[in-house]
1. With each label point set 7 Å from Cα along the Cα-Cβ vector, what nm distance links residue 65 and residue 40?
2. Just to be sure I understand the model, the point goes 7 Å from the Cα along the line to the Cβ. What's the resulting residue 50 to residue 33 distance in nm?
3. Given a Förster distance of 22 Å, report the FRET efficiency between residue 128 and residue 108 from their Cβ-Cβ distance, rounded to the nearest 0.05.
4. Highest mean first, what order results for 112-124, 30-42 on Cβ atoms within 10 Å?
5. Run the numbers for residue 72 and residue 98: contour at 0.36 nm per residue of separation, minus the present Cα-Cα distance, in nm.
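Throughout, read-outs are computed from the coordinates displayed, never taken from laboratory work. Please read these numbers as outputs of a predicted model, since none were measured by experiment. Cβ coordinates were reconstructed from backbone atoms using ideal geometry, including for glycine residues, and neighbour counts include every protein chain displayed.
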Amino acid sequence: MADSANYETGQSRPRKVKYRKNKASWNPAMQAIPVPGIRRMVNMAASMKDVIHLSIGQPDLPTPKHIIDAYVEALNAGQTGYTMDAGLPELLVALRDYYGKRYNRKLTRDNILITSGATEAMYLAISATSAPGRQFIVTDPSFLLYAP
C-alpha cells in the first residue's frame with residue numbers, strides 16, 4: 001500500500017484506500033488489448049524486495065517538509081490553477097542565469113523551453129530533430145506513448 005508523509009512530522013504512514021466490493025467487469029474489447037511491456041515490468045517489480053520504482057515518477061520517500069510548506073503557502077495564496085505554458089517568468093530567468101553561468105554562455109529566456117512533463121519534452125525533442133530518412137531507437141519496455 002502506498003505511504004504518505006505526515007505534514008507535521010514528515011513521517012510516513014500507510015494511506016487508507018477503499019476498494020469497491022464488486023469486482024470490475026471490463027468490456028471484451030478492453031480485455032483484448034495486450035498488457036504493455038512497461039506494465040508487465042512494473043507488476044514483476046512489485047513482487048520483489050528492494051526495487052526502486054522509476055517507471056512513473058512515483059516517489060518512495062516522504063516529501064520534505066520545506067516542499068510541503070511551500071506548497072501549502074502557494075495554495076493559501078490562491079495559486080491553484082495552471083501556470084503559464086511557456087513557464088513562469090521567474091523560472092525562465094532563474095534557469096537562464098543558472099545555465100548561462102554553468103556553461104559560460106550568454107543565454108536569454110528564449111533559449112529556455114519549459115514543458116509540463118517528460119512526454120511533452122520527448123515529443124518536442126523528437127519533432128524538432130526528426131526528418132524524412134532519420135531513424136530513432138525506442139526501447140521496449142517504455143512508456144506507451146513513446147512507441148512508434
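1. 4.6
2. A separation of 3.6 nm, rounded to one decimal place.
3. On the way: r = 18 Å, r/R0 = 0.83.
My answer for the efficiency is 0.75.
4. Working: 112-124: 13.4, 30-42: 11.5.
So the peptides 112-124, 30-42, ranked by packing, come out 112-124, 30-42.
5. On the way: separation 26, 0.36 × 26 = 9.36 nm, distance 2.65 nm.
So the extension gain works out to 6.7 nm.
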